[in-house]
Amino acid sequence: MLSIKDLKVSVEDKEILKGINLDIKPGEIHAIMGPNGSGKSTLSHVLAGNDNYEVTSGSIQFDGQDLLELEVDERAVAGIFLAFQYPIEIPGVSNSNFLKSMVNSVRVSRGLEELNAMEMLKFLKEKIKLVEMDNSLLKRSLNEGFSGGEKKRNEMLQMAALEPKLGILDETDSGLDIDALKIVANAVNKLRSEERSFIIVTHYQRLLDYIVPDYVHVLYNGKIVKSGDKSLALELEARGYDWIKEEADAVGV
Amino acid sequence: MENITNEVTEELSESMQILEDQTNSDYKYGFTSDVEMEEFPMGLSEDIVRKISAKKNEPEFLLEYRLKAYRHWLTLEEPQWPNVDYPPVNYQDLIYYAAPKQKPKLNSLDEADPELIKTFEKLGIPLNEQKVLAGVVAVDAVFDSVSVKTTFKETLSKLGIIFGSFSDAVQNHPELVKQYMGTVVPYTDNYFAALNAAVFSDGSFTYIPKGVQCPMELSTYFRINAANTGQFERTLIIAEEGSKVSYLEGCTAPMRDENQLHAAVVELVAKKDATIKYSTVQNWYPGDKEGKGGIYNFVTKRGICEGDNSTITWTQVETGSAVTWKYPSCILKGDNSVGEFYSVAVTNNFQQADTGTKMIHLGKNTKSTIISKGISAGRSHNSYRGLVKVGKNATNAQNFSQCDSLLMGDKCGAHTFPYLEVENNTARVEHEATTSKIGEDQLYYCKQRGLSEEDSINMIVNGYCKEVFNELPMEFAVEAQKLLAISLEGSVG
């Protein structure tokens, strides 16, 4: 469903991604790990279509479409969801209003009927249950004054509501305590299906104790330098990143 | 969960409706009506002033008042201090009186000129009695210079409320007009107030007797139709002791290449324990994308909290006009009186707005709140100008001012001119001001959730204005959100 070929990306003329190749099939969970500054977040935002990043070469096919041709909102409609590392605050916009507008806007763009008020309520209730979120968060302004855990939970709620084909979690685990981490993991596990894939971007492997990935890739210096199964994550946990860096530097990445 | 239901339902239908209306983006009030008009010749003179007065069969005191105002106006210069720039107005090129020739009788709509009815239908004014009866709004519509029809008059008159055109009030309640007109905004106040006092043709008059809570929103729509016509309406609202009223003013005008002048005067008088809430949704024609045409909106609005414990609240959503010059103000004379000003001013393309308020604290323990949200897009300029004045005897006066500016794009300007005069050292005055650009990260976030760029902007801007929209009656808040969406269409990207 997602096929990235020789992807090179620059920010202000500095090359950040230096030739990424990655294939993800429906239903798979891929973890992308790596030391700070390796380009993990860049990859997330390039997939979402952030125009601060310039794609200098390569291609991304998503679900039969040329992803690079699509605008940010078109990619969302096509089924890409990015859970932000730092969710954005929008003062004065109630969380519930945002959720409803988002859901119906995407439904219409996907050729579905809008949900009426009662249907929407029922729909959102189910999703809220899924992420074990407190209802009081719905009335507050979007992400404004939310704790770190509340923000991430809210990202999971949005992801559940938009029913994406590919969910990208950009360091969602950073700054979360163990309870919040479990709730995030739980949401992903419940949303996991044969059609839905995930990319879990993380620095630490602790999230992967709760979300078991099919593949683990290590990103270093703008390239995927090692791929494996979940045992690779455990190895990284035990040994750190230095041995990977040394291996990669030795072959001149 | 259950108690969220209503909120969720309401907000949903609201936002969806706004999205739908988005597609309808040009200035939708830009039609003219072919109603046969009776107009005076162009130009201004003592003779024209006399003619207007005679035409309206006015009592002697009013003619005298007009003439004094006119003579005073001749001695004045057009003010240059506002932060706006426009070619000089030639006051001899304007028509000072225009009225639909076939003046409709007030008892039935059937007798009205069908073209006029069509105009009101296009404007979406619920003039149809049945429609109005279903709602809670009483409407007085001022078409060019003459008030056409007042609905719900009877219901209101049972409570002793007088609500109708200014001309009717002059004929039927001259003593009230004589007692209050010009007491809050004297004709000597400024250039445009003097001009208005000399040539005003109609407007709206409201009187709420002692102890009466007006049971419905009172609403006036102003529309300029004829070419080269100035519209000079006067509004006077008197709220007697312990009474309460909420009043809404809406404004539209056709699209014309030449600029049209609008110089209104609004006076509010709140007695002891009285509350007046005055809300405006101003959508005069702003001119085209190149800055051609549009309304010059030079308005003097002022209320006096005359009695103790009285409250005056101004809420305005200003999206129209080529040039706006307007400072709805409160004189807080009664002890413990409260003045509030909530404003959203949007400028796009070549629009210019210089707007704000004056809060004059005279009584003890008086309190004022100013919340101003400016939004500038295109090549427009948006200025907040506000005065907070605390007099010698205003012990424990309190003011809180918050002035926020939002910039969209890099060719527009936002300016803030706060003035502070404090003569009593027990006063507490707070001022907060922010200027921000519409956040790229906010836009990106909304778009990543599948909202289009336009919808994302509307969502962010509406959130920014929420404190002000919350002050508007529900249906007008929805209208205001739609207007905002239309005004800002195409302003980013």
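The values are calculated or read from the model by the stated rules, or taken from the named source; none is laboratory data. Here the structure is a predicted model, which means the values were calculated and not measured. Don't worry about glycine lacking a Cβ; one is built from the backbone with ideal geometry, like all the others, and counts go over all protein chains shown. Please note that ligands, DNA and RNA were not included when accessible areas were found on the heavy atoms of the full protein model with its side chains. Shrake-Rupley method; radii C 1.70, N 1.55, O 1.52, S 1.80 Å.
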Which numbered condition B:GLU430 fails, given (1) more than 14 Å from every other protein chain (Cβ to nearest Cβ); (2) in contact with a Phe, Trp or Tyr (Cβ under 7 Å, 6 or more places away or on another chain); (3) crowded, with 21+ Cβ neighbours inside 10 Å
(3)
If we ask which residues in the range A:96-121 are free of Cβ contacts under 8 Å to residues at least 40 places away in the same chain and of a type in the set (Val, Ile, Thr), their number turns out to be 1
Can you tell me which of B:THR183, B:THR206, B:THR220 is assigned to a loop (DSSP other than H, G, I, E, B) and in contact (Cβ under 8 Å) with a residue 40 or more places away in the chain?
B:THR183
A:GLN205 passes all but one of the listed conditions (1) closer than 18 Å to A:SER94 by Cβ; (2) open to solvent by less than 30 Å² (accessible area, probe 1.4 Å); the exception is number (1)
I'd like the full set of residues that are surrounded by 15 or more Cβ atoms within 10 Å (Cβ to Cβ) and either touching a Leu at 6+ places or on another chain (Cβ under 8 Å) or at pLDDT below 80 (or both), limited to the range B:71-101.
B:TRP73, B:VAL89, B:TYR91, B:LEU94, B:ILE95, B:TYR96, B:TYR97, B:ALA98, B:ALA99, B:PRO100
For residues in the range A:67-83 being within 7 Å of chain B (Cβ to nearest Cβ) and over 24 Å from A:ASN116 (Cβ atoms), which is surrounded by the most Cβ atoms within 10 Å (Cβ to Cβ)?
A:LEU82
Quickly run through the range B:60-82 and pick out the residues that are part of a loop (DSSP other than H, G, I, E, B) and under 18 Å from B:TYR187 (Cα atoms).
B:THR75, B:LEU76, B:GLU77, B:GLU78, B:PRO79
Any idea how many residues of the range B:161-181 are open to solvent by 10 Å² or more (accessible area, probe 1.4 Å) and either modelled with pLDDT of 95 or more or under 15 Å from B:GLU60 (Cα atoms) (or both)?
11
Taking the range B:279-295, which residues are crowded, with 22+ Cβ neighbours inside 10 Å and not β-branched (Val, Ile, Thr)?
B:SER279, B:GLN282, B:ASN283, B:TRP284, B:TYR285, B:PRO286, B:GLY287, B:GLY294
From the list B:SER436, B:SER456, which residue is under 30 Å from A:ALA76 (Cα atoms), surrounded by fewer than 19 Cβ atoms within 10 Å (Cβ to Cβ) and either within 13 Å of chain A (Cβ to nearest Cβ) or modelled with pLDDT of 90 or more (or both)?
B:SER436
Among B:TYR464, B:TYR445, which is the only one that is without any contact (Cβ under 8 Å) to a residue 40 or more places away in the chain, within 11 Å of another protein chain (Cβ to nearest Cβ) and either touching a Cys at 6+ places or on another chain (Cβ under 7 Å) or not polar (S, T, N, Q) (or both)?
B:TYR445
Which listed residue is part of a loop (DSSP other than H, G, I, E, B) and either of a type in the set (D, E, K, R) or closer than 28 Å to B:PHE476 by Cα (or both), from B:GLY363, B:GLY378
B:GLY378
Of all residues making up the range A:216-229, the number that are in contact (Cβ under 8 Å) with a residue 60 or more places away in the chain and open to solvent by 20 Å² or more (accessible area, probe 1.4 Å)
4
Can you work out which of the residues in the range A:39-66 that are free of Cβ contacts under 8 Å to residues at least 40 places away in the same chain, outside any loop (DSSP other than H, G, I, E, B) and surrounded by 18 or more Cβ atoms within 10 Å (Cβ to Cβ) is nearest to the other protein chains (Cβ to nearest Cβ)?
A:VAL46
I'm trying to understand the selection: among the residues of the range A:150-186, which are over 28 Å from A:ARG107 (Cα atoms) and either open to solvent by 60 Å² or more (accessible area, probe 1.4 Å) or not in a loop (DSSP other than H, G, I, E, B) (or both)?
A:GLY175, A:ASP177, A:ILE178, A:ASP179, A:ALA180, A:LEU181, A:LYS182
Test: B:GLN352 is within 19 Å of B:PRO82 (Cβ to Cβ) and touching a His at 6+ places or on another chain (Cβ under 6 Å):
yes
Answer with yes or no whether B:ALA274 is at pLDDT 95 or above and either surrounded by 24 or more Cβ atoms within 10 Å (Cβ to Cβ) or of a type in the set (D, E, K, R) (or both).
yes
Of the residues in the range A:141-163, how many are within 11 Å of chain B (Cβ to nearest Cβ) and at negative phi?
8
Out of (1) touching a strand residue (DSSP E or B) at 6+ places or on another chain (Cβ under 8 Å); (2) within 14 Å of chain A (Cβ to nearest Cβ), the one B:GLU423 does not meet is (2)
Conditions (1) buried (at least 24 other Cβ atoms within 10 Å of the Cβ); (2) out of contact with any Cys (no Cβ under 6 Å at 6 or more places or on another chain); number of the one not met by B:MET359:
(2)
If you take the residues of the range B:323-347 that are touching a helix residue (DSSP H, G or I) at 6+ places or on another chain (Cβ under 9 Å) and open to solvent by 10 Å² or more (accessible area, probe 1.4 Å), which of them is modelled with the highest pLDDT?
B:TYR342
